[in-house]
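J.: This is the structure I have questions about; it appears just below.
The values are calculated or read from the model by the stated rules, or taken from the named source; none is laboratory data. Quantities reported herein were computed from a predicted structural model and do not represent experimental measurements. As a convention, Cβ positions derive from the backbone with ideal geometry for all residues, glycine included, and neighbour counts pool all protein chains shown. With ligands, DNA and RNA removed, areas are computed over all heavy atoms of the protein, side chains included. Shrake-Rupley method; radii C 1.70, N 1.55, O 1.52, S 1.80 Å.
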Amino acid sequence: METNPSDATLLARVAHADEAALLELYERYAPFVAAMARRMLQDPDDIHQSVQSIFVTIWQRAPHVDTRRVPVSTWLVMLAQRHLLAQVLGRPMETFAFENWDIPTSNTRGNTRGNATENAFSGFDMADESQHKHLKQAATALSSEERELLELALFQGCSYRELAQASSKPLRTVTTTLRTSLARLHGYLTGQAGQSWQDSDA
Amino acid sequence: MNEDVLIAYCLGLLNEDERAAIARDIERHPQAAAFVRQTLDSCTALILDLPPVRVPDYAKDELVGRIRQQLQAAPTQSQPRYPHSGEAPDTPHAEQTSAHPVPTPIPQVAATPDAGVADVETTFAVYDVTPRRQTRHPLVLVGQSIIIAGLVLAGVWWGFLRPLRQELAIGQLLEQTTRQAGAVTYPLLTPAGATLGDSLGVSLGVMVRTGDGELLFVLREPPPDGQVYHVWQRRAGDTQSLGTASARAFFVRRQTTLGSTLLLTLEPADTPSAATNPIASVTL
(Lines give C-alpha, C1' and ligand atoms only; values in the text may rest on other atoms or scores of the structure.)
Protein backbone atom coordinates (compact mmCIF):
# COMPACT_ATOMS: atom_id res chain seq x y z
CA MET A 1 0.00 0.00 0.00
CA GLU A 2 1.18 3.53 -0.78
CA THR A 3 2.88 4.99 2.28
CA ASN A 4 1.85 8.59 1.73
CA PRO A 5 -1.08 8.56 -0.66
CA SER A 6 -2.25 11.78 -2.25
CA ASP A 7 -5.44 13.44 -1.13
CA ALA A 8 -7.07 12.42 -4.42
CA THR A 9 -6.14 8.79 -3.85
CA LEU A 10 -7.57 8.91 -0.35
CA LEU A 11 -10.81 10.49 -1.51
CA ALA A 12 -11.18 7.86 -4.22
CA ARG A 13 -10.81 5.22 -1.53
CA VAL A 14 -13.35 6.99 0.65
CA ALA A 15 -15.72 6.78 -2.31
CA HIS A 16 -15.28 3.03 -2.00
CA ALA A 17 -16.27 3.15 1.67
CA ASP A 18 -12.70 2.87 2.94
CA GLU A 19 -12.86 4.05 6.55
CA ALA A 20 -9.09 4.06 6.98
CA ALA A 21 -8.80 6.50 4.08
CA LEU A 22 -11.38 8.78 5.66
CA LEU A 23 -9.46 8.74 8.92
CA GLU A 24 -6.28 9.62 7.04
CA LEU A 25 -8.01 12.59 5.44
CA TYR A 26 -9.35 13.44 8.90
CA GLU A 27 -5.83 13.50 10.30
CA ARG A 28 -4.69 15.79 7.52
CA TYR A 29 -7.57 18.24 7.44
CA ALA A 30 -9.51 18.06 10.71
CA PRO A 31 -7.02 20.36 12.52
CA PHE A 32 -7.69 23.08 9.94
CA VAL A 33 -11.43 22.47 9.89
CA ALA A 34 -11.38 22.66 13.70
CA ALA A 35 -9.34 25.88 13.51
CA MET A 36 -11.93 27.38 11.18
CA ALA A 37 -14.76 26.13 13.39
CA ARG A 38 -13.16 27.74 16.40
CA ARG A 39 -13.07 31.06 14.56
CA MET A 40 -16.73 30.76 13.60
CA LEU A 41 -18.46 29.08 16.55
CA GLN A 42 -18.34 29.76 20.26
CA ASP A 43 -19.41 26.57 22.00
CA PRO A 44 -16.72 23.85 22.28
CA ASP A 45 -19.30 21.14 21.81
CA ASP A 46 -20.64 22.86 18.69
CA ILE A 47 -17.10 23.01 17.35
CA HIS A 48 -16.53 19.32 17.95
CA GLN A 49 -19.89 18.22 16.57
CA SER A 50 -19.47 20.41 13.50
CA VAL A 51 -16.09 18.95 12.65
CA GLN A 52 -17.57 15.47 12.94
CA SER A 53 -20.61 16.34 10.83
CA ILE A 54 -18.42 17.83 8.14
CA PHE A 55 -16.46 14.62 7.80
CA VAL A 56 -19.65 12.58 7.72
CA THR A 57 -20.73 14.82 4.83
CA ILE A 58 -17.40 14.24 3.16
CA TRP A 59 -17.97 10.51 3.50
CA GLN A 60 -21.41 10.85 1.92
CA ARG A 61 -20.35 13.08 -0.94
CA ALA A 62 -17.00 11.56 -1.83
CA PRO A 63 -18.50 9.37 -4.60
CA HIS A 64 -19.75 12.52 -6.34
CA VAL A 65 -16.43 14.31 -6.62
CA ASP A 66 -14.23 14.19 -9.68
CA THR A 67 -10.77 15.05 -8.44
CA ARG A 68 -9.68 15.88 -11.98
CA ARG A 69 -11.92 18.91 -11.82
CA VAL A 70 -11.31 20.21 -8.32
CA PRO A 71 -8.44 19.72 -5.86
CA VAL A 72 -9.50 17.70 -2.85
CA SER A 73 -8.21 20.42 -0.55
CA THR A 74 -10.38 23.10 -2.17
CA TRP A 75 -13.46 20.90 -2.25
CA LEU A 76 -13.06 19.73 1.33
CA VAL A 77 -12.12 23.05 2.90
CA MET A 78 -14.82 25.04 1.13
CA LEU A 79 -17.41 22.40 1.92
CA ALA A 80 -16.45 22.82 5.56
CA GLN A 81 -16.66 26.62 5.28
CA ARG A 82 -20.16 26.35 3.81
CA HIS A 83 -21.24 23.96 6.53
CA LEU A 84 -19.97 26.25 9.29
CA LEU A 85 -21.28 29.41 7.67
CA ALA A 86 -24.73 27.84 7.53
CA GLN A 87 -24.52 27.37 11.27
CA VAL A 88 -23.28 30.90 11.90
CA LEU A 89 -26.00 32.47 9.79
CA GLY A 90 -28.71 30.01 10.82
CA ARG A 91 -29.56 28.96 7.32
CA PRO A 92 -29.54 25.61 5.48
CA MET A 93 -26.26 24.51 3.98
CA GLU A 94 -26.21 25.64 0.38
CA THR A 95 -25.81 23.39 -2.59
CA PHE A 96 -22.30 23.97 -3.82
CA ALA A 97 -21.65 21.87 -6.87
CA PHE A 98 -18.39 23.38 -7.98
CA GLU A 99 -16.87 19.93 -8.13
CA ASN A 100 -18.60 19.67 -11.51
CA TRP A 101 -16.94 22.69 -13.06
CA ASP A 102 -13.90 22.38 -15.14
CA ILE A 103 -11.18 24.96 -15.40
CA PRO A 104 -10.91 25.76 -19.10
CA THR A 105 -7.16 26.20 -19.39
CA SER A 106 -6.45 22.95 -17.61
CA ASN A 107 -5.80 19.91 -19.73
CA THR A 108 -3.31 18.00 -17.65
CA ARG A 109 -5.24 17.38 -14.49
CA GLY A 110 -5.22 13.63 -14.65
CA ASN A 111 -3.59 13.64 -11.28
CA THR A 112 -4.10 16.55 -8.92
CA ARG A 113 -0.76 16.02 -7.27
CA GLY A 114 2.25 17.91 -8.43
CA ASN A 115 1.58 18.25 -12.14
CA ALA A 116 0.61 21.86 -12.40
CA THR A 117 1.22 23.47 -15.72
CA GLU A 118 3.23 26.66 -15.77
CA ASN A 119 0.24 28.94 -15.33
CA ALA A 120 -2.20 26.62 -13.59
CA PHE A 121 -2.58 25.90 -9.93
CA SER A 122 -3.39 22.32 -9.04
CA GLY A 123 -4.42 22.88 -5.47
CA PHE A 124 -2.78 21.82 -2.25
CA ASP A 125 -2.15 18.25 -1.35
CA MET A 126 -1.43 17.47 2.26
CA ALA A 127 0.72 14.55 1.16
CA ASP A 128 3.22 17.07 -0.21
CA GLU A 129 4.87 18.86 2.67
CA SER A 130 6.69 21.32 0.45
CA GLN A 131 3.33 22.79 -0.46
CA HIS A 132 2.82 23.94 3.11
CA LYS A 133 5.81 26.25 2.82
CA HIS A 134 4.52 27.56 -0.47
CA LEU A 135 1.12 28.16 1.11
CA LYS A 136 2.63 30.08 4.01
CA GLN A 137 4.60 32.25 1.64
CA ALA A 138 1.49 32.96 -0.41
CA ALA A 139 -0.46 33.96 2.69
CA THR A 140 2.14 36.63 3.46
CA ALA A 141 1.01 38.38 0.30
CA LEU A 142 -1.89 39.85 2.24
CA SER A 143 -1.74 42.82 4.55
CA SER A 144 -3.41 42.44 7.93
CA GLU A 145 -6.22 44.70 6.77
CA GLU A 146 -6.84 42.64 3.65
CA ARG A 147 -6.74 39.45 5.61
CA GLU A 148 -9.16 40.80 8.18
CA LEU A 149 -11.67 41.73 5.50
CA LEU A 150 -11.44 38.34 3.84
CA GLU A 151 -11.74 36.53 7.14
CA LEU A 152 -14.80 38.53 8.16
CA ALA A 153 -16.47 37.51 4.94
CA LEU A 154 -15.32 33.89 5.02
CA PHE A 155 -15.82 33.17 8.70
CA GLN A 156 -18.68 35.47 9.69
CA GLY A 157 -20.55 35.77 6.40
CA CYS A 158 -20.37 39.57 6.44
CA SER A 159 -21.83 41.11 3.29
CA TYR A 160 -19.95 43.77 1.36
CA ARG A 161 -22.11 46.42 3.02
CA GLU A 162 -21.38 45.01 6.47
CA LEU A 163 -17.69 44.89 5.66
CA ALA A 164 -17.85 48.54 4.64
CA GLN A 165 -19.48 49.43 7.94
CA ALA A 166 -17.04 47.33 9.95
CA SER A 167 -14.00 48.84 8.25
CA SER A 168 -15.43 52.37 7.91
CA LYS A 169 -14.54 52.35 4.23
CA PRO A 170 -16.64 53.02 1.14
CA LEU A 171 -18.29 49.99 -0.41
CA ARG A 172 -16.27 50.34 -3.57
CA THR A 173 -13.04 50.34 -1.62
CA VAL A 174 -14.06 47.14 0.11
CA THR A 175 -14.87 45.30 -3.11
CA THR A 176 -11.68 46.53 -4.73
CA THR A 177 -9.65 45.45 -1.72
CA LEU A 178 -11.17 41.98 -1.77
CA ARG A 179 -10.66 41.61 -5.50
CA THR A 180 -7.05 42.77 -5.51
CA SER A 181 -6.07 40.80 -2.42
CA LEU A 182 -7.52 37.58 -3.80
CA ALA A 183 -5.78 38.24 -7.09
CA ARG A 184 -2.49 38.80 -5.33
CA LEU A 185 -2.92 35.66 -3.29
CA HIS A 186 -3.61 33.65 -6.40
CA GLY A 187 -0.64 35.25 -8.08
CA TYR A 188 1.61 33.97 -5.32
CA LEU A 189 0.06 30.52 -5.54
CA THR A 190 0.77 30.29 -9.24
CA GLY A 191 4.15 31.95 -9.07
CA GLN A 192 2.86 35.01 -10.93
CA ALA A 193 2.82 37.48 -8.08
CA GLY A 194 1.49 40.86 -8.97
CA GLN A 195 -0.58 39.86 -11.98
CA SER A 196 -4.27 40.66 -12.11
CA TRP A 197 -7.02 38.16 -12.79
CA GLN A 198 -7.30 39.43 -16.32
CA ASP A 199 -3.58 38.94 -16.85
CA SER A 200 -3.60 35.41 -15.57
CA ASP A 201 -6.70 34.49 -17.56
CA ALA A 202 -5.40 35.89 -20.79
CA MET B 1 -19.53 38.63 -15.62
CA ASN B 2 -19.06 40.87 -12.60
CA GLU B 3 -16.10 39.62 -10.62
CA ASP B 4 -17.41 41.11 -7.37
CA VAL B 5 -20.52 38.99 -7.68
CA LEU B 6 -18.43 35.89 -8.37
CA ILE B 7 -16.29 36.63 -5.34
CA ALA B 8 -19.40 37.05 -3.21
CA TYR B 9 -20.53 33.69 -4.54
CA CYS B 10 -17.23 32.09 -3.55
CA LEU B 11 -17.34 33.61 -0.08
CA GLY B 12 -20.87 32.32 0.47
CA LEU B 13 -22.46 35.77 0.69
CA LEU B 14 -25.32 35.32 -1.78
CA ASN B 15 -28.86 34.22 -1.10
CA GLU B 16 -30.35 31.09 -2.59
CA ASP B 17 -31.81 32.70 -5.72
CA GLU B 18 -28.61 34.60 -6.44
CA ARG B 19 -26.56 31.46 -6.00
CA ALA B 20 -28.74 29.51 -8.40
CA ALA B 21 -28.45 32.23 -11.03
CA ILE B 22 -24.68 32.41 -10.70
CA ALA B 23 -24.37 28.64 -10.82
CA ARG B 24 -26.23 28.59 -14.12
CA ASP B 25 -23.99 31.34 -15.51
CA ILE B 26 -20.89 29.52 -14.40
CA GLU B 27 -21.91 26.43 -16.32
CA ARG B 28 -22.32 28.53 -19.45
CA HIS B 29 -19.16 30.60 -19.11
CA PRO B 30 -15.89 28.69 -18.72
CA GLN B 31 -13.98 31.85 -17.86
CA ALA B 32 -16.32 32.49 -14.97
CA ALA B 33 -15.85 28.90 -13.82
CA ALA B 34 -12.09 29.41 -13.95
CA PHE B 35 -12.36 32.62 -11.96
CA VAL B 36 -14.46 30.89 -9.33
CA ARG B 37 -12.04 27.99 -9.12
CA GLN B 38 -9.10 30.32 -8.65
CA THR B 39 -10.93 32.36 -6.04
CA LEU B 40 -11.87 29.23 -4.14
CA ASP B 41 -8.25 28.07 -4.27
CA SER B 42 -7.19 31.41 -2.78
CA CYS B 43 -9.79 31.12 -0.03
CA THR B 44 -8.57 27.61 0.65
CA ALA B 45 -5.03 28.90 1.01
CA LEU B 46 -6.20 31.44 3.55
CA ILE B 47 -8.03 28.78 5.58
CA LEU B 48 -5.15 26.32 5.47
CA ASP B 49 -2.92 29.09 6.79
CA LEU B 50 -4.85 29.12 10.07
CA PRO B 51 -2.90 27.69 13.02
CA PRO B 52 -4.09 24.07 13.16
CA VAL B 53 -6.03 22.91 16.20
CA ARG B 54 -5.28 19.44 17.48
CA VAL B 55 -8.30 17.16 17.41
CA PRO B 56 -8.71 14.62 20.24
CA ASP B 57 -8.04 10.98 19.45
CA TYR B 58 -11.47 9.84 20.56
CA ALA B 59 -13.00 11.91 17.80
CA LYS B 60 -11.90 9.30 15.27
CA ASP B 61 -13.78 6.58 17.15
CA GLU B 62 -16.83 8.77 17.23
CA LEU B 63 -16.59 9.49 13.50
CA VAL B 64 -16.35 5.81 12.65
CA GLY B 65 -19.35 5.15 14.89
CA ARG B 66 -21.43 7.75 13.09
CA ILE B 67 -20.51 6.39 9.70
CA ARG B 68 -21.31 2.84 10.64
CA GLN B 69 -24.62 3.92 12.06
CA GLN B 70 -25.43 5.53 8.73
CA LEU B 71 -24.39 2.45 6.83
CA GLN B 72 -26.69 0.31 8.88
CA ALA B 73 -29.53 2.77 8.35
CA ALA B 74 -29.02 2.82 4.57
CA PRO B 75 -28.43 -0.79 3.46
CA THR B 76 -28.53 -0.19 -0.31
CA GLN B 77 -25.39 -0.99 -2.25
CA SER B 78 -24.04 0.86 -5.22
CA GLN B 79 -20.83 1.62 -7.02
CA PRO B 80 -19.10 4.95 -6.50
CA ARG B 81 -19.50 7.50 -9.23
CA TYR B 82 -15.86 7.47 -10.19
CA PRO B 83 -14.57 3.96 -9.83
CA HIS B 84 -10.88 4.89 -9.97
CA SER B 85 -8.86 7.83 -8.81
CA GLY B 86 -8.43 10.37 -11.57
CA GLU B 87 -10.78 8.58 -13.95
CA ALA B 88 -13.04 10.92 -15.87
CA PRO B 89 -16.75 10.45 -15.47
CA ASP B 90 -18.75 9.48 -18.54
CA THR B 91 -21.47 11.94 -17.60
CA PRO B 92 -19.92 14.72 -15.55
CA HIS B 93 -23.20 16.26 -14.47
CA ALA B 94 -25.11 13.11 -13.72
CA GLU B 95 -26.17 12.88 -10.13
CA GLN B 96 -25.92 9.83 -7.96
CA THR B 97 -28.01 9.45 -4.86
CA SER B 98 -26.55 6.34 -3.38
CA ALA B 99 -24.95 5.15 -0.21
CA HIS B 100 -21.61 3.50 0.29
CA PRO B 101 -21.44 -0.29 0.14
CA VAL B 102 -22.36 -1.87 3.42
CA PRO B 103 -19.51 -3.59 5.21
CA THR B 104 -19.90 -6.44 7.63
CA PRO B 105 -21.66 -5.06 10.72
CA ILE B 106 -19.54 -4.63 13.80
CA PRO B 107 -20.89 -6.51 16.80
CA GLN B 108 -22.59 -4.34 19.36
CA VAL B 109 -20.75 -3.66 22.59
CA ALA B 110 -22.38 -5.11 25.64
CA ALA B 111 -23.26 -2.14 27.80
CA THR B 112 -23.85 -4.34 30.82
CA PRO B 113 -21.18 -6.17 32.76
CA ASP B 114 -20.36 -9.81 32.42
CA ALA B 115 -20.37 -11.91 35.56
CA GLY B 116 -16.67 -11.51 36.27
CA VAL B 117 -16.71 -7.78 36.08
CA ALA B 118 -19.92 -7.49 38.05
CA ASP B 119 -18.51 -9.60 40.92
CA VAL B 120 -15.59 -7.32 41.29
CA GLU B 121 -17.10 -3.99 40.47
CA THR B 122 -20.80 -4.14 41.28
CA THR B 123 -20.17 -2.44 44.57
CA PHE B 124 -18.87 0.46 42.63
CA ALA B 125 -21.39 0.24 39.81
CA VAL B 126 -18.71 1.09 37.28
CA TYR B 127 -18.57 -1.24 34.33
CA ASP B 128 -15.94 -1.79 31.73
CA VAL B 129 -17.55 -1.66 28.31
CA THR B 130 -14.71 -3.38 26.55
CA PRO B 131 -16.25 -6.44 24.78
CA ARG B 132 -15.89 -9.61 26.85
CA ARG B 133 -17.07 -13.20 26.76
CA GLN B 134 -20.54 -13.86 28.08
CA THR B 135 -22.20 -17.00 29.44
CA ARG B 136 -23.66 -18.98 26.55
CA HIS B 137 -25.19 -22.37 25.72
CA PRO B 138 -22.61 -25.25 25.79
CA LEU B 139 -22.82 -25.72 22.01
CA VAL B 140 -22.18 -22.07 21.52
CA LEU B 141 -19.24 -22.36 23.85
CA VAL B 142 -17.85 -25.19 21.69
CA GLY B 143 -18.20 -22.99 18.65
CA GLN B 144 -16.55 -20.16 20.43
CA SER B 145 -13.74 -22.45 21.51
CA ILE B 146 -13.08 -23.38 17.90
CA ILE B 147 -13.05 -19.75 16.91
CA ILE B 148 -10.76 -18.89 19.80
CA ALA B 149 -8.43 -21.73 18.86
CA GLY B 150 -8.27 -20.32 15.35
CA LEU B 151 -7.51 -16.93 16.69
CA VAL B 152 -4.78 -18.31 18.90
CA LEU B 153 -3.18 -19.93 15.85
CA ALA B 154 -3.44 -16.60 14.12
CA GLY B 155 -2.05 -14.73 17.06
CA VAL B 156 -0.58 -11.98 14.99
CA TRP B 157 -3.95 -11.25 13.49
CA TRP B 158 -5.58 -11.28 16.87
CA GLY B 159 -3.23 -8.62 17.99
CA PHE B 160 -4.62 -6.35 15.29
CA LEU B 161 -8.25 -7.38 15.16
CA ARG B 162 -9.25 -7.10 18.79
CA PRO B 163 -8.10 -3.53 19.36
CA LEU B 164 -9.72 -2.49 16.09
CA ARG B 165 -13.01 -4.13 17.04
CA GLN B 166 -12.94 -2.53 20.46
CA GLU B 167 -12.18 0.90 19.05
CA LEU B 168 -14.97 0.70 16.53
CA ALA B 169 -17.39 -0.57 19.14
CA ILE B 170 -16.53 2.23 21.55
CA GLY B 171 -17.06 4.80 18.84
CA GLN B 172 -20.41 3.26 18.03
CA LEU B 173 -21.45 3.19 21.67
CA LEU B 174 -20.45 6.81 22.15
CA GLU B 175 -22.44 7.81 19.12
CA GLN B 176 -25.52 5.91 20.27
CA THR B 177 -25.34 7.34 23.76
CA THR B 178 -24.90 10.94 22.66
CA ARG B 179 -27.97 10.63 20.47
CA GLN B 180 -30.22 9.48 23.31
CA ALA B 181 -32.94 11.90 24.36
CA GLY B 182 -31.73 14.10 27.17
CA ALA B 183 -28.08 13.11 26.78
CA VAL B 184 -25.56 15.88 27.41
CA THR B 185 -21.92 15.64 26.40
CA TYR B 186 -19.25 17.20 28.59
CA PRO B 187 -15.59 17.63 27.71
CA LEU B 188 -13.50 16.41 30.62
CA LEU B 189 -11.94 19.47 32.21
CA THR B 190 -8.80 19.49 34.20
CA PRO B 191 -8.99 21.28 37.55
CA ALA B 192 -6.65 23.94 36.18
CA GLY B 193 -9.42 24.95 33.82
CA ALA B 194 -8.00 23.83 30.48
CA THR B 195 -10.96 22.97 28.34
CA LEU B 196 -11.69 21.19 25.14
CA GLY B 197 -12.40 24.59 23.69
CA ASP B 198 -8.98 25.95 24.54
CA SER B 199 -7.39 23.27 22.45
CA LEU B 200 -9.14 20.32 20.96
CA GLY B 201 -6.19 18.17 21.93
CA VAL B 202 -5.57 18.73 25.61
CA SER B 203 -8.78 17.12 26.80
CA LEU B 204 -8.61 13.78 28.56
CA GLY B 205 -11.73 12.64 26.77
CA VAL B 206 -15.44 13.11 26.96
CA MET B 207 -18.27 12.21 29.32
CA VAL B 208 -21.90 11.76 28.36
CA ARG B 209 -24.67 12.04 30.96
CA THR B 210 -27.80 10.25 29.81
CA GLY B 211 -31.31 11.46 30.49
CA ASP B 212 -31.44 8.92 33.33
CA GLY B 213 -28.43 10.49 35.02
CA GLU B 214 -26.06 7.64 34.19
CA LEU B 215 -22.63 8.36 32.78
CA LEU B 216 -20.53 7.13 29.89
CA PHE B 217 -16.85 7.99 30.04
CA VAL B 218 -14.69 7.72 26.93
CA LEU B 219 -11.10 8.64 27.71
CA ARG B 220 -8.27 8.99 25.28
CA GLU B 221 -6.14 6.34 26.95
CA PRO B 222 -6.75 3.38 29.26
CA PRO B 223 -5.18 3.68 32.73
CA PRO B 224 -1.53 2.61 32.95
CA ASP B 225 -0.85 -0.95 34.07
CA GLY B 226 -1.67 -1.46 37.72
CA GLN B 227 -3.83 1.64 37.90
CA VAL B 228 -7.54 2.35 37.54
CA TYR B 229 -9.76 5.33 36.90
CA HIS B 230 -11.88 6.25 39.90
CA VAL B 231 -15.06 8.32 39.58
CA TRP B 232 -16.32 10.45 42.46
CA GLN B 233 -19.35 12.63 42.96
CA ARG B 234 -19.09 15.67 45.23
CA ARG B 235 -22.17 17.52 46.39
CA ALA B 236 -22.87 19.71 49.41
CA GLY B 237 -19.36 19.10 50.71
CA ASP B 238 -19.76 15.33 50.65
CA THR B 239 -17.62 13.23 48.32
CA GLN B 240 -18.90 9.80 47.31
CA SER B 241 -17.12 7.12 45.30
CA LEU B 242 -19.01 5.99 42.21
CA GLY B 243 -16.50 3.27 41.38
CA THR B 244 -13.41 2.32 39.46
CA ALA B 245 -12.70 1.15 35.92
CA SER B 246 -9.73 -0.38 34.19
CA ALA B 247 -10.71 0.50 30.63
CA ARG B 248 -10.67 3.74 28.71
CA ALA B 249 -14.44 3.57 28.13
CA PHE B 250 -16.93 2.68 30.83
CA PHE B 251 -20.42 3.27 32.13
CA VAL B 252 -21.32 4.51 35.60
CA ARG B 253 -24.66 2.87 36.31
CA ARG B 254 -25.66 5.23 39.06
CA GLN B 255 -27.88 8.21 38.90
CA THR B 256 -25.95 11.42 39.31
CA THR B 257 -27.33 14.71 40.51
CA LEU B 258 -27.43 17.95 38.59
CA GLY B 259 -25.38 20.59 40.36
CA SER B 260 -22.91 18.08 41.72
CA THR B 261 -19.26 17.90 40.64
CA LEU B 262 -17.78 14.73 39.23
CA LEU B 263 -14.12 14.06 39.83
CA LEU B 264 -11.91 11.59 38.02
CA THR B 265 -8.78 10.30 39.68
CA LEU B 266 -6.07 7.89 38.57
CA GLU B 267 -4.87 5.61 41.34
CA PRO B 268 -3.30 2.22 42.09
CA ALA B 269 -5.74 -0.64 41.44
CA ASP B 270 -5.29 -2.20 44.86
CA THR B 271 -5.01 0.87 47.07
CA PRO B 272 -8.10 2.84 48.12
CA SER B 273 -7.65 6.57 47.93
CA ALA B 274 -9.47 9.82 48.39
CA ALA B 275 -10.45 12.24 45.66
CA THR B 276 -7.64 14.59 46.58
CA ASN B 277 -5.82 14.77 43.27
CA PRO B 278 -8.34 14.63 40.42
CA ILE B 279 -7.10 14.60 36.85
CA ALA B 280 -10.41 15.94 35.58
CA SER B 281 -13.59 17.43 36.95
CA VAL B 282 -17.02 18.17 35.54
CA THR B 283 -19.79 20.19 37.14
CA LEU B 284 -23.19 18.91 36.09
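J.: Quickly run through the stretch B:170-184 and pick out the residues that are part of a helix (DSSP H, G or I) and not β-branched (Val, Ile, Thr).
T.: Of everything in the stretch B:170-184, those that are part of a helix (DSSP H, G or I) and not β-branched (Val, Ile, Thr) turn out to be B:Gly171, B:Gln172, B:Leu173, B:Leu174, B:Glu175, B:Gln176.
J.: Only one of B:Arg37, B:Arg66, B:Arg54 is modelled with pLDDT of 85 or more, surrounded by fewer than 19 Cβ atoms within 10 Å (Cβ to Cβ) and at the interface with chain A (Cβ under 7 Å from one of its Cβ atoms); which?
T.: The conditions single out B:Arg54.
J.: Every residue in the stretch A:29-42 that is facing chain B (nearest Cβ under 8 Å) and free of Cβ contacts under 8 Å to residues at least 12 places away in the same chain, please.
T.: A:Pro31, A:Ala35, A:Arg38
J.: In the stretch B:244-253, is there at least one residue being open to solvent by 50 Å² or more (accessible area, probe 1.4 Å) and within 24 Å of the chain's Cα centre (by Cα)? Break it down into steps so the answer makes sense when it comes.
T.: Our first condition is that a residue be open to solvent by 50 Å² or more (accessible area, probe 1.4 Å); within the stretch B:244-253, this holds for B:246, B:253.
Going one step further and asking which of them are within 24 Å of the chain's Cα centre (by Cα), we end up with B:246, B:253.
Yes, that holds for at least one residue.
J.: A further question on this structure: In the set A:Ala12, A:Ala8, which member is assigned to a helix (DSSP H, G or I), of a type in the set (Gly, Ala, Ser), modelled with pLDDT of 90 or more and over 17 Å from the mean Cα position of the chain (by Cα)?
T.: None of the others qualify; the one that does is A:Ala12.
J.: Follow-up question, since we're still on this one. Give the stretch B:162-200 a look and list any residue that's modelled with pLDDT under 55 and within 14 Å of the chain's Cα centre (by Cα), or say none.
T.: B:Leu200
J.: Among all residue pairs at least 6 apart or on different chains, which show Cβ distances below 7 Å where the first residue, located in the stretch B:12-31, is over 22 Å from A:Cys158 (Cβ atoms) and the second is modelled with pLDDT of 80 or more and assigned to a helix (DSSP H, G or I)?
T.: Cβ pairs passing all conditions: B:Asp25/B:Ala32; B:Ile26/B:Ala32; B:Ile26/B:Ala33; B:Ile26/B:Val36.
J.: Continuing with the same structure: Only one of A:Leu152, A:Leu178 is open to solvent by less than 10 Å² (accessible area, probe 1.4 Å), at pLDDT 90 or above and part of a helix (DSSP H, G or I). Can you tell me which? Lay out the reasoning, then the answer.
T.: On the way: A:Leu152 fails: open to solvent by less than 10 Å² (accessible area, probe 1.4 Å).
Criteria check complete, one pass: A:Leu178.
J.: Checking A:Lys136 against (1) farther than 21 Å from B:Cys10 by Cβ; (2) more than 10 Å from chain B (Cβ to nearest Cβ): exactly one of these is not met. Which one?
T.: (2)
J.: Can you tell me how many residues in the stretch A:45-75 are at the interface with chain B (Cβ under 7 Å from one of its Cβ atoms) and open to solvent by 40 Å² or more (accessible area, probe 1.4 Å)?
T.: 2
J.: Just for strands (runs of 3 or more DSSP E) wholly inside the stretch B:218-261: which have at least 2 residues that are in contact with a strand residue (DSSP E or B) (Cβ under 7 Å, 6 or more places away or on another chain) and farther than 16 Å from B:Pro278 by Cα? Don't jump to the end; show me each part of the working.
T.: Numbers: elements: B:227-235, B:238-245, B:249-252.
Result: B:249-252.
J.: Filter the stretch B:9-23 down to the residues that are under 25 Å from A:Leu76 (Cβ atoms) and open to solvent by 10 Å² or more (accessible area, probe 1.4 Å) and list them by number.
T.: B:Leu13, B:Leu14, B:Asn15, B:Glu16, B:Glu18, B:Arg19, B:Ala20, B:Ile22, B:Ala23
J.: Follow-up. For B:Phe250, work out the one condition from (1) within 18 Å of B:Thr210 (Cα to Cα); (2) at pLDDT below 80 it doesn't fulfil.
T.: Against the list (1) within 18 Å of B:Thr210 (Cα to Cα); (2) at pLDDT below 80, B:Phe250 comes up short only on (2).
J.: Among the residues of the stretch B:146-161, count how many are modelled with pLDDT under 70 and either small (Gly, Ala, Ser) or crowded, with 16+ Cβ neighbours inside 10 Å (or both).
T.: Result for the stretch B:146-161: 3.
J.: Sticking with this one: Looking only at residues that are small (Gly, Ala, Ser) and farther than 16 Å from A:Ala141 by Cβ in the stretch A:162-187, which one is farthest from the other protein chains (Cβ to nearest Cβ)?
T.: Here the residue is A:Ser168.
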